[in-house]
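Notes for the one structure printed next.
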Amino acid sequence: MKVSEEFETKHGGKIQIAKISDGGNSSWGNKDGYKQDSIRLAWYRESGGFDPISSAEVPIWGLFELVKVASQKDMLTKAEIAELIGNLTSSIYRQL
């Protein structure tokens, strides 16, 4: 994965973004010679090395599918849903 941006999580991991427009690319895009946005919840071993087994990278369309099904199955709290709605609404306005 060619990471274009990274954020710390409250649980000790990192959220890594591979956004094509910012110079990033997914792991499979890098490997197979095409471009695709992706996002990963990354974990590192106590020794400091990257732990690929417990780190999940998904394409953005996959993230959408995960959130859609989680909401259909009522797996998100009302507070989490409200936070997502606020963030998604802000994204709509930034893209105008």
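The values are calculated or read from the model by the stated rules, or taken from the named source; none is laboratory data. Small disclaimer: the values here were computed from a predicted structure and weren't measured. Quick reminder, even Gly has a Cβ in these numbers, built from the backbone with ideal geometry, and neighbours come from all protein chains shown.
Of all residues in the stretch 34-51, those satisfying the criterion of being among the basic types (Lys, Arg) and either closer than 22 Å to PHE64 by Cα or touching a residue at least 12 places away in the same chain (Cβ under 8 Å) (or both) are LYS35, ARG40.
Among residues of the stretch 69-96 that are among the hydroxyl-bearing types (Ser, Thr, Tyr), those with a beta-carbon under 8 Å from a residue that is in a helix (DSSP H, G or I) at least six positions away or on a different chain give the pairs SER71/ILE81. When the stretch 73-90 is filtered for residues that are within 16 Å of LEU63 (Cα to Cα) and either touching a Cys at 6+ places or on another chain (Cβ under 9 Å) or not aliphatic (A, V, I, L, M) (or both), the ones remaining, listed by number, are LYS73, GLU80, ASN87. Within the stretch 41-72, the set of residues being surrounded by 11 or more Cβ atoms within 10 Å (Cβ to Cβ), outside any strand (DSSP E or B) and more than 16 Å from the chain's Cα centre (by Cα) comprises ASP51, SER71. Comparison of LYS19, LYS10, LYS31 shows that the only residue that is under 19 Å from LEU66 (Cβ atoms), free of Cβ contacts under 8 Å to residues at least 40 places away in the same chain and not aliphatic (A, V, I, L, M) is LYS19.
Screening GLU80 against (1) modelled with pLDDT under 95; (2) part of a helix (DSSP H, G or I) leaves a single unmet condition, (1).
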